[in-house]
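I have placed the structure first, in the form of structure tokens, so that the comments after it can refer back to it.
No value in this document is a laboratory result; all are computed from the given coordinates. Source: prediction; values computed, not measured. Cβ atoms come from the backbone with ideal geometry, glycine included; neighbour counts cover every protein chain shown.
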Amino acid sequence: MGELWARDAFTPLAAIAAETGEIELGTAIVKLFSRTPAVIAMSAATIDDVSDGRLTLGLGVSTKGGIESNHGMEFSRPVRRAHETIEIVQHLLGDDDRVTYDGELLSVEGLPPLDADVPLYHAALGPANRRVVARLCDGGIPPSSPSRSLTKRSTTSRASPRRRGETPTPSPSRRTYRPSSPTTGTRREPSLRRGVTGTTTEPAHW
């Protein structure tokens, strides 16, 4: 479930979770500029709870236009914001003790953990954000990448820990998504087409 405008990603997933029992649920993507890490973590934990553990959380920085025009926020240091948001969300979801984090851009103090085992994926195109995937995430989402480029992008992600002298972890997995509609000719089809166009033509994910 994605979000650009008109509908958020989490609310429809709650409805889908209520009507299904086995299919996996996921966000592709939740924009990390427009929510605090605490709100992202609470939303993810809620959906994971009502779906009995079926959620995969996909995050991304979105685009300069999508953030500055839609939310009135400065699209500043997106890679650093992604890194800190992902770290905080992971601590809030999975730590055993209260979470305190003091980053360059974001901080939390003394928040109780949410006890949710939610895989976290990050939408990453550029090498800097792919290194965030390698360092922190369970996998990456390459939304605008042709299949022939995935091997090269995956190699960048795998090489990242080696450059820092660390023992490399297994290569993060990749999940691609395809916006789709069960029927054509419905009132949702134009918005679906706009979402596809916006994803594939606007530069983002440094």
Point to revise | Those trypsin sites (Lys or Arg not before Pro) in region 68-105 that DSSP places in a loop and that have at most 16 other beta carbons within 10 Å | key: Arg98
Revision key, fill the gap. Over its alpha-carbon atoms, region 48-106 yields an Rg and a Dmax in Å of 14.2, 38
**Study point:** 5 angstrom amide H check on Val30, placed H, neighbours 5+ away
**Key:** Gly58, Leu59, Gly60
Practice item. State, in angstrom, two size descriptors of region 88-145 derived from its alpha carbons: Rg to one decimal place and Dmax to the nearest whole number. Key: 13.3, 39
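Please quote Rg/Rh for region 1-140 to two decimal places, taking the Kirkwood radius as Rh and restricting both calculations to Cα atoms. Intermediate values should be presented prior to the final figure.
Values: Rg = 14.5 Å, Rh = 15.2 Å.
Radius of gyration relative to Kirkwood radius: 0.95.
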